[in-house]
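The values are calculated or read from the model by the stated rules, or taken from the named source; none is laboratory data. Bear in mind the structure is a predicted one, so any value in this text is a computation, not a measurement. Cβ placement follows ideal geometry from the backbone for every residue including glycine, while neighbour counts extend to all protein chains displayed.
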């Protein structure tokens, strides 16, 4: 049985409070209404769209955890981060990210999402990519959502932090990279400040 508008809007607010990352499409399916109806409900209730909700949650939750760069410089939206351990971001592929003729995402956007997440997970005032080994597993198309998962996996002999990043569309791996990260506190530990870095 379909719920009344008032009841639906009450449940909508409750659902979004519990999961700020739920999409309009998921809400439409849950309440058996059109996406347009969900958007109108959100407007009436002054609930921002998903992208704005993600940014708001990120600002509240992660601003103090991301030290190496401002949150707005991360490509994609961080939805979870444990400094020097792991991080997750999402990136929605839009018209401006794809080749016009094929509607396939330009590779540098996928790399930028992974690389900036590798920088963000480093809990240091300065983190730079010293080396990256990357692999594009499959093409990503306009309209797809890429979820990048970064994990700090160890250190190199020279003391650089190693971060593995795997990016997925749904359950399918689309990109993988291993990033060796230089961090400023390396200098304090080993005095290695002479090596040139970009």
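Note on the stretch 153-173: residues that are modelled with pLDDT under 95, surrounded by fewer than 16 Cβ atoms within 10 Å (Cβ to Cβ) and touching a strand residue (DSSP E or B) at 6+ places or on another chain (Cβ under 8 Å) amount to 3. When residue 101 is tested against (1) touching a strand residue (DSSP E or B) at 6+ places or on another chain (Cβ under 9 Å); (2) at pLDDT 85 or above, just one condition goes unmet, and that condition is (1). Between 90, 134, the distinction of being in contact with a strand residue (DSSP E or B) (Cβ under 7 Å, 6 or more places away or on another chain) and buried (at least 16 other Cβ atoms within 10 Å of the Cβ) belongs to 90 only.
Could you count how many residues in the stretch 130-147 are in a strand (DSSP E or B) and within 18 Å of the chain's Cα centre (by Cα)? Spell out how you get there, then give the answer.
Quick first cut of the stretch 130-147, residues in a strand (DSSP E or B) only: 130-136, 141, 145-147.
Subsequent filtering for residues that are within 18 Å of the chain's Cα centre (by Cα) retains 134, 136, 141, 145-147.
Within the stretch 130-147, residues that are in a strand (DSSP E or B) and within 18 Å of the chain's Cα centre (by Cα) number 6.
For the residues 184, 176, the requirement of being assigned by TED's automatic domain parsing to the domain that holds residue 102, modelled with pLDDT under 95 and out of contact with any helix residue (DSSP H, G or I) (no Cβ under 8 Å at 6 or more places or on another chain) singles out 184. Failed condition for residue 68, given (1) surrounded by 11 or more Cβ atoms within 10 Å (Cβ to Cβ); (2) at pLDDT 90 or above; (3) assigned to a loop (DSSP other than H, G, I, E, B), with all others met? It fails just one condition, (2). Pick out the one residue from 118, 150 that is assigned to a strand (DSSP E or B) and either at pLDDT 95 or above or surrounded by 16 or more Cβ atoms within 10 Å (Cβ to Cβ) (or both). Testing whether each residue is assigned to a strand (DSSP E or B) and either at pLDDT 95 or above or surrounded by 16 or more Cβ atoms within 10 Å (Cβ to Cβ) (or both) leaves just 150. Here is the figure for the stretch 40-54: residues that are surrounded by 15 or more Cβ atoms within 10 Å (Cβ to Cβ), outside any loop (DSSP other than H, G, I, E, B) and touching a helix residue (DSSP H, G or I) at 6+ places or on another chain (Cβ under 8 Å) total 4. Among the numbered conditions (1) modelled with pLDDT under 90; (2) in a helix (DSSP H, G or I); (3) within 28 Å of residue 142 (Cβ to Cβ), the only one that residue 22 does not meet is (2).
Check off (1) within 18 Å of residue 106 (Cβ to Cβ); (2) buried (at least 16 other Cβ atoms within 10 Å of the Cβ) for residue 141 and give me the number that stays unchecked. Evaluating residue 141 over (1) within 18 Å of residue 106 (Cβ to Cβ); (2) buried (at least 16 other Cβ atoms within 10 Å of the Cβ) leaves (2) as the failure.
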